[in-house]
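Quick note: the coordinates plus some simple rules give every number you see, no bench work behind them. Given the structure is predicted, the values throughout are model-derived calculations rather than measurements. In this analysis, Cβ positions are derived from the backbone assuming ideal geometry, glycine residues included, and neighbour counts consider all displayed protein chains.
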Amino acid sequence: MSTTETTTTTTTHATQRAVRPLHTGWSLRSTAGPVPPEIAAVDVPATVPGTVHTDLLAAGLIVDPYLDANEHLLAWIGRADWSYTTRFDWAPDGHDRHELVFAGLDTVATVLLNGEVVAETRNQHRTHRVTVDGRLREGANDLEVRFGSPVAYADAQSLSLGYRPHVNHHPYNAVRKMACSFGWDWGLDTATSGIWKPVTLESWSSVRLAAVRPVVTVDGSRGVVDVHVDLERAGVSAGAAVEPVTVRATVGEVTQEARVEPGTDSTVLQVVVDDPELWWPRGHGGQPLYDVSVSVTGGEGGDATRASSGVGAPAGAVLDAWSSRIGFRSVEVQVEPDDIGTSFTVVVNGEALWIKGANWIPDDAFPHRIGRDRYRQRIEQAEFGNVNLLRVWGGGIFESDDFYELCDERGMLTWQDFLFACAAYAEEDPLRGEVEAEVRDNVTRLMTHPSLVLWTGNNENIWGHDEWGWERRLDGATWGLGYYLELLPALVGELDPGRPYAAGSPWSGSLDVAQSDPDHGSVHLWEQWNRKDYPTYRDVVPRFVAEFGWQGPPTWSAMTRAIHDEPLTPESPGMIVHQKAMQGNDKLTDGLLAHYRLPNEIEAWHWAMQLNQANAVQVALEHFRSHAPRCQGAVVWQINDCWPVTSWAAVDGDGRRKPLLYAMRHAFADRLVTIQPREAGLAAVLVNDTGEALAGPLTLRRLAYDGRVLASESVALTVGARETVTVPVPSSVGEFGSPGSELLVASVPGVARGLWFPVEPRDSGLAEASLSTSVTVVPEGQEARAGYRVEVTAASLVRDLTLLVDKVDPAATVDEMLMTLLPGETAVFTVVSDVPGVGEQLVARQVLRTANELVG
């Protein structure tokens with residue numbers, strides 16, 4: 001079968017580089033391994049970009065791996081070999097060079113053109129360019145990509161490279177493939193294969209732009225862009241003359257050009273923009289972006305009479321072009337000794353930031369399915385949670401251009417781990433060569449983005465080496481330290497000078513100081529979830545928290561869509577498959593019982609665990625924020641999921657908000673009032689993360705659960721821009737007469753309030769919630785989407801009032817959750833839903849939940 005696809009160029013010159021997608025006409029077939037007979041004999045229509053799993057699923061040949069216990073039924077896919085084939089037509093086009101360009105092959109691939117091997121690749125994370133001059137045929141051409149079993153390859157490489165510790169049932173550290181493809185403590189094991197990014201045929205003459213790197217600095221009132229340009233010439237061997245070319249770079253309205261002589265393959269053009277508008281993170285200013293474009297033209301320019309016949313290029317003809325966007329901003333990450341230990345502070349445009357972060361994992365176990373709209377939805381959900389930074393975790397992928405472009409536009413800061421996670425890695429070839437190639441590819445690709453503020457060498461590997469018993473098991477073998485301290489910082493310095501680099505996460509700033517020491521640099525706090533209770537977050541005052549979190553199940557609609565156990569219980573078969581953490585359910589139970597009673601009904605259990613997850617993270621975040629500027633940020637594990645699973649995520653695998661996201665929204669609010677224990681007693685802490693001072697009375701009240709005011713005081717104060725102020729609670733207000741039936745309220749009218757309960761809910765006198773409700777239909781209008789207005793009035797103290805609206809309409813959203821009402825107060829919820837006639841269901845017992853019901 002022949003296919004015809006559009007060839008794209010940006011000018012009418014025949015000499016410009018032409019890019020032809022090769023995405024149609026593909027088929028898939030198994031070639032070896034434990035493949036069921038009914039699949040082994042079938043040629044399956046294939047989608048490129050795509051994977052074996054998604055092609056088999058689309059053909060109806062396998063069950064959905066996201067459902068029930070299907071993951072285990074499909075384990076054979078990762079142990080099998082596969083072949084993708086297509087046919088395309090080609091005719092001589094006068095170009096000097098022709099290359100097959102694979103933006104992503106996952107992972108153990110052999111490429112054949114017309115039956116001849118033209119490439120063997122072993123790295124999911126890099127682009128592969130394959131010269132095919134002399135191998136293309138006029139007419140039909142057969143292209144095949146054979147994939148070997150990634151499970152078998154990883155096993156074989158673990159022997160070839162030598163054993164090195166890791167945290168999985170597969171040696172994912174022996175192959176340059178997405179680590180979580182082999183499963184994680186929140187992810188399913190797919191070990192899939194496929195052409196997961198675009199494949200094209202590129203044709204070009206004379207010269208092409210091999211790499212463009214605009215290095216941006218701000219020098220007083222000048223924006224300086226040093227545009228580094230690397231060229232590749234077709235060369236005499238391709239029949240092309242090596243002649244001078246002109247490189248032109250434009251930033252905004254300013255253009256510079258340079259003549260590049262034969263024998264020279266690189267140049268740097270400095271473009272200066274006077275008085276540029278600065279790019280700022282969200283919450284600190286705007287996000288102006290400047291267009292930057294680079295072109296290379298043939299000859300001297302201006303002589304239109306020169307011929308073009310594959311030898312040389314016509315003067316002035318555009319041979320290749322590149323474009324992107326940049327932002328003018330300065331950035332540093334200050335990891336410096338101080339009176340406490342070692343700081344970890346992100347500074348943009350000279351302004352120290354309090355990082356309200358969340359960790360990001362691949363949003364799908366099959367990342368090719370994530371499009372720009374889905375990235376936009378997740379980033380918007382992070383914004384809803386008042387997040388200002390997303391950390392791209394090192395067990396996933398170098399995120400896509402869509403992700404980074406959207407973060408640039410929206411002021412969402414990012415940091416990108418290099419792809420080493422929870423394992424020791426060989427520093428010898430062939431792994432080392434692959435590491436360098438992927439880093440060069442991806443640093444060059446991503447360095448244009450102003451949102452990117454930090455490269456990090458690894459996730460937990462230095463910490464793991466020091467604390468997890470690796471040193472003895474390694475028995476002298478290399479383990480990656482040379483990458484983190486030498487190769488990676490050298491490559492960042494060469495390719496992306498000025499962008500901060502940290503050797504790892506956590507990172508104390510030095511090998512001489514223990515990693516994850518709270519006084520030094522960034523820490524990961526997992527003792528609370530694994531072994532302690534969440535109030536013990538308050539025992540630690542870290543400088544910066546790069547990971548911490550608490551588990552909870554996905555939304556009810558996602559959980560019941562994915563799991564069909566009868567009866568459905570926390571320990572039914574499908575639920576266990578969708579709980580990947582070691583002793584996860586035991587930790588959920590242990591973490592609940594100090595606070596609430598354990599329900600024995602599944603919907604109540606689901607609510608209790610979601611609520612406890614939200615409470616745990618909110619307690620931690622308010623504590624961390626109260627210690628600014630000693631603590632300068634917290635990055636919650638994690639914002640998103642890759643499938644429906646019990647995990648640490650705030651947005652589940654179906655893209656629905658969990659109560660945790662609302663807890664983050666509250667704790668990350670620009671202005672926060674929180675009550676915290678201090679050595680001398682309770683204190684009200686006011687956090688003002690805005691550019692304007694906050695002035696007003698702080699009212700402190702001790703109340704009985706029935707609403708009676710037992711004591712009250714008011715304090716006049718001003719909190720400066722980006723400041724935190726601590727106000728000790730007077731003993732007349734802060735000493736409780738009946739701890740089980742009293743609470744402390746600190747509030748700034750019209751701004752925020754914080755609450756303190758001296759005993760846990762299960763030990764208190766919290767009674768059954770006494771509520772009245774009303775529901776009004778909201779028609780779609782210019783300022784509102786269709787849905788419902790739900791008013792809930794409390795006649796008693798009600799804690800963490802929440803509407804689990806997805807139980808009524810899986811696509812519904814609600815603007816608030818986790819509302820605590822004092823007697824007589826009313827909460828108003830706006831529910832967006834296209835489903836008519838379900839207003840009363842929104843206030844049914846299974847939907848309208850409170851913490852009160854988990855006490856008695």
Per-peptide average of other Cβ atoms within 10 Å, ordering 488-498, 245-255 highest first:
245-255, 488-498
For segment 183-218, list residues with backbone N below 14 Å from a point placed 7 Å from the Cα of M582 toward its Cβ?
184-186
What whole number of Å gives the distance from the Cα centroid of segment 359-383 to the Cα centroid of segment 721-757?
39 Å
Descending packing, highest mean Cβ count within 10 Å first, for 649-656, 633-640 is 633-640, 649-656
Grab the Cα-Cα distance for L755 and T830, subtract it from 0.36 nm times how many residues apart they are, and report the gain in nm with one decimal.
24.6 nm
Given backbone amide H placed at 1.01 Å from N, residues whose amide H is under 5 Å from that of V778, ignoring those fewer than 5 places away on the same chain, are G787, Y788, R789
Once you charge only the Cβ atoms, +1 for Lys and Arg and -1 for Asp and Glu, what is the size of the charge dipole of the chain about its Cα centre, to the nearest 20 debye?
720 debye
Could you check the spin-label model distance between D93 and E138? Points 7 Å from the Cα along Cα→Cβ, value in nm.
1.7 nm
Net charge near S30: determine it from the other residues with C-beta under 13 Å of the C-beta of S30, scoring Lys and Arg +1 and Asp and Glu -1.
-1
Extension gain R374-H564, at 0.36 nm per residue separation less the Cα-Cα distance, in nm?
65.8 nm
Under 16 Å from the 7 Å Cα→Cβ point of I340, by amide nitrogen: which residues of segment 538-581?
538-547
For segment 826-850 and segment 192-219, compute the distance between their C-alpha centroids and round to whole Å.
50 Å
Packing-wise, with mean Cβ within 10 Å as the measure, how do 684-693, 167-176 rank, highest first?
167-176, 684-693
Expressed as a whole number of Å, what is the distance separating the alpha-carbon centroids of segment 626-705 and segment 437-489?
31 Å
Chain lengthening between A594 and D64 when straightened (0.36 nm per residue, less Cα-Cα):
187.0 nm
Name the shape class, rounded, prolate or oblate, that the alpha-carbon gyration tensor gives for the chain, where a ≥ b ≥ c are the square roots of its eigenvalues, rounded holds for a/c under 1.5, and otherwise prolate holds if a/b is larger than b/c and oblate otherwise.
prolate
The ³J(HN,Hα) series, computed from each phi in segment 557-565 with the Karplus coefficients 6.51, -1.76 and 1.60 at θ = phi - 60°, rounded to the nearest Hz and given as x for glycine or proline, is 5, 5, 5, 7, 6, 8, 10, 10, 4
Sites matching trypsin sites (Lys or Arg not before Pro) across segment 761-856 that sit in DSSP coil, with at most 12 neighbouring C-beta atoms within 10 Å
R845
Between rounded, prolate and oblate, where does segment 78-216 land on the alpha carbon gyration tensor, with a ≥ b ≥ c its root eigenvalues, rounded for a/c under 1.5, else prolate if a/b exceeds b/c?
prolate
Rounded to the nearest 0.05, FRET efficiency between T131 and D226 (Cβ-Cβ, R0 30 Å) equals 0.45
With a point put 7 Å past each Cα toward its Cβ, work out how far E768 is from D402 in nm, to one decimal.
5.0 nm
Nearest-0.05 FRET efficiency for R259 and L159, computed from C-beta distance (R0 60 Å):
0.65
Where does the charge balance sit around S732 when Lys and Arg score +1, Asp and Glu -1, over other residues with C-beta under 11 Å from its C-beta?
-1
Considering amide H positions built from the backbone, and no H for Pro or chain starts, which residues 5 or more places from V645, or on another chain, come under 5 Å of its amide H?
G653
If you add up the charges near W470, with Lys and Arg at +1 and Asp and Glu at -1, over every other residue whose beta carbon is less than 12 angstrom from its beta carbon, what do you get?
-2
Förster radius 22 Å - calculated FRET efficiency between N349 and A721 (Cβ-Cβ, nearest 0.05)
0.90
